[in-house]
Amino acid sequence: MEYLATFFTHSGAVKYRRYMRGLGVPAELMPVPRRLSSDCGIAARFSTALSLDRLITPDVQKLFLVEAGGERLVYQAAN
């Protein structure tokens, strides 16, 4: 499955990319698409079959599942 994660901070996005690399999942950092909101403007896009609970860290603001019709929100941090 393909995912797009947004973050509270730029440093959180960089830290998350390192975390995903440690799980063996390459993650590409990119600007957040306009239709999605983010405090820091950086998103990570990646593909994995790992369970959702492995993809959530304290740095993740929102996590979207990328589908043919667009992105579906699957996680949002409580503020």
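The values are calculated or read from the model by the stated rules, or taken from the named source; none is laboratory data. From a predicted model like this one, the values you see are computed outputs, not experimental measurements. Ideal geometry is used to build each Cβ from the backbone, glycine not excepted, and the neighbour counts take in all protein chains shown.
Out of all the residues in the range 48-79, which are of a type in the set (Gly, Ala, Ser) and under 12 Å from LEU36 (Cα atoms)? Before the answer, list the steps.
Start the filter on the range 48-79 by keeping residues that are of a type in the set (Gly, Ala, Ser), which leaves 49, 51, 68-70, 77-78.
Hit for the range 48-79 is GLY70, nothing else.
Sort out which residues of the range 1-10 are within 17 Å of GLU71 (Cβ to Cβ) and either of a type in the set (Asp, Glu) or part of a helix (DSSP H, G or I) (or both), and write them in order of number.
Let us first name the residues in the range 1-10 that are within 17 Å of GLU71 (Cβ to Cβ), namely 1-7.
The one that is within 17 Å of GLU71 (Cβ to Cβ) and either of a type in the set (Asp, Glu) or part of a helix (DSSP H, G or I) (or both): GLU2.
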By residue number, the members of the range 43-56 that are farther than 12 Å from ALA27 by Cβ and either among the hydroxyl-bearing types (Ser, Thr, Tyr) or within 8 Å of the chain's Cα centre (by Cα) (or both) are SER51
Scanning for something touching a helix residue (DSSP H, G or I) at 6+ places or on another chain (Cβ under 7 Å), of a type outside the set (Phe, Trp, Tyr), buried (at least 16 other Cβ atoms within 10 Å of the Cβ) and free of Cβ contacts under 8 Å to residues at least 24 places away in the same chain, does the range 9-28 turn up at least one residue? yes
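How about the range 1-30: which of its residues are hydroxyl-bearing (Ser, Thr, Tyr) and farther than 15 Å from ASP59 by Cα?
Initially, the range 1-30 is screened for residues hydroxyl-bearing (Ser, Thr, Tyr), giving 3, 6, 9, 11, 16, 19.
Result: TYR3, single match.
Name the residues in the range 11-41 that are aliphatic (A, V, I, L, M), within 20 Å of ASP53 (Cα to Cα) and part of a loop (DSSP other than H, G, I, E, B), would you? Quick ask: steps written out before the conclusion?
Residues of the range 11-41 aliphatic (A, V, I, L, M): 13-14, 20, 23, 25, 27, 29-30, 32, 36.
Checking which are within 20 Å of ASP53 (Cα to Cα) leaves us with 13-14, 20, 23, 25, 27.
Answer for the range 11-41, where residues must be aliphatic (A, V, I, L, M), within 20 Å of ASP53 (Cα to Cα) and part of a loop (DSSP other than H, G, I, E, B): LEU23, VAL25, ALA27.
Yes or no, residue by residue, for (1) loosely packed, with under 15 Cβ neighbours inside 10 Å; (2) under 14 Å from MET20 (Cβ atoms); (3) modelled with pLDDT of 95 or more:
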site: CYS40; (1), (2), (3): no, no, no
site: ARG45; (1), (2), (3): no, yes, yes
site: ALA49; (1), (2), (3): yes, yes, yes
site: LEU63; (1), (2), (3): no, yes, yes
site: GLY69; (1), (2), (3): yes, no, no
Reported set for the range 42-57 where residues are outside any helix (DSSP H, G or I) and touching a residue at least 40 places away in the same chain (Cβ under 8 Å) is ALA44, ARG45, PHE46, SER47, THR48, ALA49, THR57
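Take the residues in the range 51-61 that are of a type outside the set (D, E, K, R) and in contact with a strand residue (DSSP E or B) (Cβ under 7 Å, 6 or more places away or on another chain); name whichever of them is surrounded by the fewest Cβ atoms within 10 Å (Cβ to Cβ).
Filtering the range 51-61 for residues that are of a type outside the set (D, E, K, R) and in contact with a strand residue (DSSP E or B) (Cβ under 7 Å, 6 or more places away or on another chain), the one surrounded by the fewest Cβ atoms within 10 Å (Cβ to Cβ) comes out as LEU52.
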